[in-house]
1. For residues that are touching a residue at least 12 places away in the same chain (Cβ under 8 Å) and assigned to a helix (DSSP H, G or I), scanning just the range 42-55, find the one that is nearest to residue 26 (Cα to Cα).
2. Right, residue 111: modelled with pLDDT of 95 or more, buried (at least 21 other Cβ atoms within 10 Å of the Cβ) and more than 19 Å from the chain's Cα centre (by Cα) or not?
3. Name the one entry in 79, 27, 58 that is outside any loop (DSSP other than H, G, I, E, B), modelled with pLDDT of 95 or more, under 22 Å from the mean Cα position of the chain (by Cα) and more than 23 Å from residue 173 (Cα to Cα).
4. Could you tell me which of the residues 224, 212 is at pLDDT 95 or above and outside any strand (DSSP E or B)?
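The values are calculated or read from the model by the stated rules, or taken from the named source; none is laboratory data. If you're wondering where the values come from, they're calculated on a predicted model, not measured in any experiment. Cβ sites come from the backbone with ideal geometry, for glycine too, and all protein chains shown count toward neighbours.
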């Protein structure tokens, strides 16, 4: 049986990385029921102003800079860390992602639960075998994002240390492929198909992942927070359905008429499906069928592309 979800109504929630593709829908949804504070560097003043105009409190800080977090009070019931930096500079990316989560947890020691969003990019490539939480880690995304996998592994390590050091109940959720009405990997593939741009895929197809729709990851946040423990709960977090790039591009062809041009490349990411056993035990199955999710995404972002 899944855990009983925490009640987030009228709670104080800190969300980092609020302008990112994954975090933006979370901020929108939770700000309707809770007191949300958004923390980011806010390199664009317009992003900060847009959040403030919706009544959301904002804190301008850099997780890599411990002193900047003095502006962050220790008064939050729950903390959702969705901040990610992938500049390609190892020194900064390790500081922002690895040291950054430690700085944040040291500042928010009184939180009832801390939810750190990691990535399945931490896993070593293993062909079509669905990855379990206990499987070997590796530098999975080097071909496209040189620092990403290593920085994510570093962030998980620091997160576990800080959780135990400060006795903060914590969940690490390894995201598969998030998407929704504001975009995601399948949307970029649609744009590439439209322009006849080759899509890199690994020769050992099909290239399978677990698409996770925004409606599902928002719905599951209270469960992930409920699963938090001081020993740290680490779980895969993706859609209950496994689906390949080849399949979702084929479905996009049905909807739009655009045909994919695949380019087999050994350095492409390769299949990265997940073992959902622990996830289902903790938080239950997801609800959004990937076909429905992709159709809704295209209806929202590119209705003119639909047949």
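1. By that ranking, first place goes to 51.
2. yes
3. Only one candidate passes the filter, namely 58.
4. Just one listed residue meets the conditions, 224.
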